[in-house]
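A short worksheet on the structure shown next.
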């Protein structure tokens, strides 16, 4: 089983910070006598943005099926489905518009000129994806993966604070790939990247992590390791990353150093992100789960 918490704070140097927090978890179960697995889980996502406190709460159950393609080593084709309820809202009392400028100053007693029919709405959101991952060589820590996903499959139209029909939520397409290779018995490197596209908007991020053990390999009681590396969100930010792991827990910290055209306003300050992961087995019996498992 695995549980993960992530908190992100961004653009505090520019405006009211954008804050995001998520909590997710998953449980993996074998299917019959084969090497196939299913995972059940879900995510709760909270987001707050801007001066009018636009808030979002997503509750998204998840299901994945992992089909083994080899009896000798890890090779899996995985299908995933994410579907749930999303809710959005804002604080109308914090809305200010140019209609409230009286010619000399801002006058909060003047009407905003906006005719909101509601200050919150909810909609159903469905996403799906497919991935392939395989162990490289005899070392179970060496592996590669590639995945594709489509978010907002149902393109919900209930995403407007106005009475006019919305155009609908545009689907978002994601391609992810990466590999991890041992460099010595105690070190390995991970290279990974993602490409996102939603309508006319795109995002490309990629980078490298170097992992090394902090304790002697013979010391089974204290298995500490550290990851250090850097990623880049093209045309936006350079992202240094540090992660410390002691089974069954790891803590990661990253920071976005802004390099986009917003730099004159942000002074290079982007945002920080904290992640905590707890991963372990929920029984103590010997199990092939320890090695026969998709790795990402």
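The values are calculated or read from the model by the stated rules, or taken from the named source; none is laboratory data. It should be emphasised that the depicted structure is a prediction, and the values quoted were computed from it without experimental measurement. Backbone-built Cβ (ideal geometry, glycine too); neighbour counts: all protein chains shown.
Quick notes
- When the stretch 113-134 is limited to residues that are modelled with pLDDT under 85 and surrounded by 11 or more Cβ atoms within 10 Å (Cβ to Cβ), the one that is nearest to residue 176 (Cα to Cα) turns out to be 116.
- Tally, over the stretch 56-80, of residues that are surrounded by fewer than 17 Cβ atoms within 10 Å (Cβ to Cβ), in a strand (DSSP E or B) and either more than 16 Å from the chain's Cα centre (by Cα) or at positive phi (or both): 5
- Residues of the stretch 273-285 satisfying the condition of being closer than 14 Å to residue 10 by Cα and surrounded by 15 or more Cβ atoms within 10 Å (Cβ to Cβ): 273
- Filter result (in a strand (DSSP E or B) and touching a residue at least 40 places away in the same chain (Cβ under 8 Å)) within the stretch 1-27: 2, 3, 4, 5, 6, 7, 8, 9, 10, 18, 27
- Scanning the stretch 81-90 for residues that are more than 13 Å from residue 26 (Cβ to Cβ), buried (at least 17 other Cβ atoms within 10 Å of the Cβ) and under 21 Å from the mean Cα position of the chain (by Cα) yields 84, 86, 88.
- Criterion violated by residue 237 - all others in (1) surrounded by fewer than 17 Cβ atoms within 10 Å (Cβ to Cβ); (2) at negative phi; (3) in contact with a strand residue (DSSP E or B) (Cβ under 6 Å, 6 or more places away or on another chain); (4) without any contact (Cβ under 8 Å) to a residue 40 or more places away in the chain satisfied: (1)
- Taken over the stretch 1-37, the criterion of being under 17 Å from residue 51 (Cβ atoms), buried (at least 17 other Cβ atoms within 10 Å of the Cβ) and over 18 Å from the mean Cα position of the chain (by Cα) is satisfied by 11 alone.
- Number of positions in the stretch 155-214 that are under 24 Å from residue 260 (Cβ atoms), in a loop (DSSP other than H, G, I, E, B) and touching a strand residue (DSSP E or B) at 6+ places or on another chain (Cβ under 9 Å): 2
- Taking the stretch 256-275 as the range and being at pLDDT 85 or above, farther than 21 Å from residue 212 by Cβ and either in a strand (DSSP E or B) or touching a helix residue (DSSP H, G or I) at 6+ places or on another chain (Cβ under 9 Å) (or both) as the test, the residues that pass are 256, 257, 258, 260, 271, 272, 273, 274.
- Being surrounded by 15 or more Cβ atoms within 10 Å (Cβ to Cβ) and under 20 Å from residue 68 (Cα atoms) holds for only one residue in 137, 147, and it is 147.
- Residues in the stretch 90-120 that are touching a helix residue (DSSP H, G or I) at 6+ places or on another chain (Cβ under 9 Å) and closer than 19 Å to residue 56 by Cβ: 116, 119.
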